[in-house]
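Data block below; observations after.
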Amino acid sequence: MEHFPAICCFGGEPFLDFHTNSSIDPTDWSADLVKDPPSQDFLSALSKLGMSISQCQLFNITFNDVADQTMFDTYKASFQCR
């Protein structure tokens, strides 16, 4: 299964946006905080947005099984922060 990075800033946390009414169970995926030091690419991308690492967190998002990831792909869902 794939891993999806998600960057959330100002205390935000990732959530799934299906762009439609969908009844996916929020326990079908997990967002784990990445504790490794950020890469230079990550820091550069934040800098281009006018932000610093102290304002943002990087999450590694994974699905519990292939069926849930397939639903994500089928609906062309995305991860957002709130």
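Some points to look at:
- Close Cβ contacts (under 8 Å, 6 or more residues apart or on different chains) running from residues in segment 16-41 that are over 23 Å from Tyr75 (Cα atoms) to residues that are at pLDDT 70 or above and assigned to a helix (DSSP H, G or I) comprise Pro38/Ile53.
- Summed over segment 33-74, the residues that are surrounded by 14 or more Cβ atoms within 10 Å (Cβ to Cβ), part of a loop (DSSP other than H, G, I, E, B) and under 16 Å from the mean Cα position of the chain (by Cα) give a count of 2.
- Tabulated pairs, segment 60-75, first over 16 Å from Pro14 (Cβ atoms), second outside any helix (DSSP H, G or I), C-beta under 6 angstrom, 6+ apart or interchain: Tyr75/Phe18
The values are calculated or read from the model by the stated rules, or taken from the named source; none is laboratory data. All values reported here derive from a predicted model rather than from experimental measurement. In this analysis, Cβ positions are derived from the backbone assuming ideal geometry, glycine residues included, and neighbour counts consider all displayed protein chains.
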